[in-house]
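Colleague: Following this message is one structure expressed as structure tokens.
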Amino acid sequence: MGLSEIEPGAAGSPVVSAVSPNFMTTSLDFLANWARTGSLWPMPFGTACCAIEFMATAASRYDISRFGMERMSFSPRQADVLICAGRLPFKLAPVIRRVWDQMPQPKWSISMGACASSGGIFDNYAMVQGIDTIIPVDVYVPGCPPRPEGLLYGVMLLMKKIRGESFTDDFLRREQTIGANGLYLPPDRIDELSEPFGNSVSQTRST
Amino acid sequence: MIAAPSPSVATLRKEFGEAIERHVVSCGDTIVYASRERVHDVLAWLKETPGEDYSYLTDITAVDYRDPERALEVVWQIRAIDRPADMRVKVAIPTGEPLEVPTVWDLWRGANWLEREVFDMFGVLFIGHPDLRRILMWETYAEGFPLRKSFPLRGHFSRSEQTRQALAGQPESHYSLEELSIADEYQNLPADVRERLKQGKRGFVE
């Protein structure tokens, strides 16, 4: 988006599709990223015990609004960060995908807790093995559930990531839609992401 | 301590005779095995006979013992709240016979969702149930019945296929059909579900 459509090449020279960073763009980046980091509106997607820790993070003791997340956005259309707090069953997969699709760019997502990040202890028929098989994820917060400090650290990592963004490279801001095969990642990538690990390796596919 | 069976067993045997196949006492609980044909009568009798008054249906479930001779046991846990006393009624379904038992929805309205759950997880058909469709898994779930022992822990399909099928599902199809029939999303339902809704069938098992 933005400047990437501008063709800076002089007449006759080959068209360069992206602007290389210069004083002008980095200054604009700094301003835009400063504004974005300071007013991240979270869209809570709480499905399990992580949501309790998320509520604790939002409440007065930890007070997520210190970081500009003053307003919980319960409408995806006014949200910037999707925080998936808790395990995601396959039944909710189309729901979180639709919520993600409804959020306008720029948008980010935090996968909070072991279950959202990897399926956690639920390596079974009903559970998505990591929400990164459904939506792109920016920050993974480990823990079962993570303490509020953990989530806040994840939020600050996300802010750090946002500060590094530049609109001369819009890769992160491209919409990753569901393709013709009904997935947004290649199928073998999803199988690989969903491979059992840790203790669940010794749980065989019993018949 | 060897606990005595519930006094209801003797009266049940007198009333139903051969239909009460056997009874056991396990951990102080009386378990009565009834024949599949008479189990509805047994439960109705236990509920409505003065002196028995098992008025509360605690749970319906099923057990897969991985036994080559009996495919499943369907379990009704009932309670006489006033005494209080508990009774467990079971029906063993032999291997090879259809997984069908009569509904008790006409006795306890609360059996509606319990029977739907047993259908969803084990594939037991409750004959006469008004709305027998999946309740936990979505309606188009195609992998089978997850709580059977023959069902692999991670499902039959690969993870990518499971993800694809899940994402292809409409979130609206999780709602009840009554809610959907008044919503715009009716058109997004699978065609066979739309057809059944139009006919007012709603998964009724003849």
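Colleague: What is the helix-to-structure angle for B:111-122, meaning the angle in degrees between its Cα long axis and the longest Cα principal axis of chain B, kept from 0 to 90 and rounded to the nearest 10?
Modeller: 70 degrees
Colleague: Return the loop-located GluC sites (Glu not before Pro) in the stretch A:107-203 (DSSP other than H, G, I, E, B) with at most 15 other Cβ atoms within 10 Å of their own Cβ; answer none if there are none. All intermediate terms of the calculation are to be shown ahead of the outcome.
Modeller: Values: sites: A:GLU149, A:GLU165, A:GLU175, A:GLU192; in loops: A:GLU165, A:GLU175.
Qualifying residues, ordered by number: A:GLU175.
Colleague: Now for a different question. Where does chain B land at 222 nm, in deg cm²/dmol rounded to the nearest 500, when only DSSP H runs of n ≥ 4 count, each adding -39500 (n - 2.57), divided by all residues?
Modeller: On the way: 6 runs with 54 residues, N = 206.
So the helix-based figure for chain B works out to -7500 deg cm²/dmol.
Colleague: Now for a separate question. Return one number: the angle in degrees, 0 to 90 and rounded to the nearest 10, between the long axis of the Cα atoms of helix A:148-163 and the longest principal axis of the Cα atoms of chain A.
Modeller: 20 degrees
Colleague: Quick one: work out Rg over Rh on the C-alpha atoms of chain B, Rh as Kirkwood radius.
Modeller: 1.03
Colleague: While we're looking at this one, here's another question. Could you run the Karplus curve 6.51 cos²θ - 1.76 cosθ + 1.60 with θ = phi - 60° over the stretch A:36-48 and give me ³J(HN,Hα) per residue in whole Hz, x for Gly and Pro?
Modeller: For the stretch A:36-48, the Karplus-derived couplings read 5, 5, x, 9, 6, 9, x, 9, x, 10, x, 10, 8 Hz, x marking Gly and Pro.
Colleague: Now for a separate question. Name the residue, out of B:THR140, B:THR95, B:THR163, whose mean-square fluctuation peaks in a Gaussian network model built on chain B with Cα pairs under 10 Å.
Modeller: It is B:THR163.
Colleague: In addition: Apply the Karplus curve 6.51 cos²θ - 1.76 cosθ + 1.60, θ = phi - 60°, to the phi angles in the stretch B:11-16 and return the couplings in whole Hz, x for Gly and Pro.
Modeller: So the Karplus estimates, Gly and Pro as x, are 5, 4, 5, 5, 6, 10 Hz.
Colleague: Taking neighbour Cβ counts within 10 Å as the exposure measure, how do B:HIS129, B:HIS40 sort from fewest upward? Please report the intermediate quantities before stating the final value.
Modeller: Working: B:HIS129 21, B:HIS40 18.
Going from sparsest to densest Cβ surroundings: B:HIS40, B:HIS129.
Colleague: A follow-up question, please. Using a 10 angstrom cutoff on alpha carbons, build the Gaussian network for chain B and name the most mobile of B:ALA44, B:ALA191, B:ALA34.
Modeller: B:ALA191
Colleague: Per the Kirkwood treatment, what hydrodynamic radius in Å, one decimal, follows for the stretch A:2-195 from the mean inverse distance over all distinct Cα pairs? Don't skip to the end; give the middle numbers.
Modeller: Values: mean 1/r = 0.0560 Å⁻¹.
One decimal place: 17.9 Å for the Kirkwood radius.
Colleague: Roughly how far apart, in whole Å, are the Cα centres of the stretch B:132-174 and the stretch B:74-116?
Modeller: 25 Å
Colleague: Related question: Choose one answer from A:LYS107, A:LYS161, A:LYS91: the residue with the largest mean-square fluctuation in a GNM of chain A with alpha-carbon springs under 10 Å.
Modeller: A:LYS91
Colleague: Compute the FRET efficiency between A:ASP188 and B:ALA44 as 1/(1 + (r/R0)^6), taking r as their Cβ-Cβ distance and R0 = 60 Å, and round to the nearest 0.05. Write down the numbers at each step before the final one.
Modeller: Details: r = 55 Å, r/R0 = 0.92.
Given R0 = 60 Å and the Cβ-Cβ separation, E is 0.60.
Colleague: Something else about it: Taking the radius of gyration and the Kirkwood hydrodynamic radius from Cα positions alone, what is the Rg/Rh ratio for the protein assembly as shown, to two decimal places?
Modeller: Working: Rg = 28.0 Å, Rh = 25.4 Å.
On the Cα set of the protein assembly as shown, Rg over Rh gives 1.11.
Colleague: Ranked by Cβ crowding within 10 angstrom, fewest neighbours first, how are B:TYR54, A:TYR62, B:TYR65 ordered? Don't skip to the answer; put the middle values down first.
Modeller: On the way: B:TYR54 25, A:TYR62 17, B:TYR65 12.
Exposure proxy ranking, most exposed first: B:TYR65, A:TYR62, B:TYR54.
Colleague: Would you work out if the stretch B:123-169 is rounded, prolate or oblate? Take a ≥ b ≥ c from the square roots of the eigenvalues of the alpha-carbon gyration tensor; rounded if a/c is under 1.5, else prolate when a/b is larger than b/c, oblate otherwise. Working shown, then result.
Modeller: Details: a/c = 3.87, a/b = 1.52, b/c = 2.54.
Cα axes put the stretch B:123-169 in the oblate bin.
Colleague: Can you give the helix-only mean residue ellipticity at 222 nm for chain A, where every DSSP H stretch with n ≥ 4 adds -39500 (n - 2.57) and the sum goes over all residues, rounded to the nearest 500 deg cm²/dmol? Spell out each step's value before the answer.
Modeller: Details: 6 runs with 64 residues, N = 207.
After summing the helix terms and dividing by residue count, I get -9500 deg cm²/dmol.
Colleague: Here's something else I'd like to know. What is the angle, in °, between the Cα long axis of helix A:49-58 and the longest principal axis of the Cα atoms in chain A? Nearest 10 is fine, range 0 to 90.
Modeller: 50 degrees
Colleague: Let me ask something else. Kindly provide the trypsin sites (Lys or Arg not before Pro) of the stretch B:53-102 that DSSP labels as loop, not H, G, I, E or B, and whose Cβ sees at most 16 other Cβ atoms within 10 Å.
Modeller: On the way: sites: B:ARG66, B:ARG70, B:ARG79, B:ARG88, B:LYS90; in loops: B:ARG66.
Qualifying residues, ordered by number: B:ARG66.
Colleague: Arrange the following residues from fewest to most other Cβ atoms within 10 Å of their Cβ: A:ASP63, A:ASP29, B:ASP192.
Modeller: Least crowded to most crowded, the residues run B:ASP192, A:ASP63, A:ASP29.
Colleague: Follow-up question, since we're still on this one. Residues of the stretch A:146-180 with the amide nitrogen closer than 15 Å to a label point 7 Å from the Cα of A:ALA59, along Cα-to-Cβ, please.
Modeller: A:147-149
Quick note: the coordinates plus some simple rules give every number you see, no bench work behind them. Predicted, not measured: the structure shown is a model, and the values here were computed from it. Ideal geometry is used to build each Cβ from the backbone, glycine not excepted, and the neighbour counts take in all protein chains shown.
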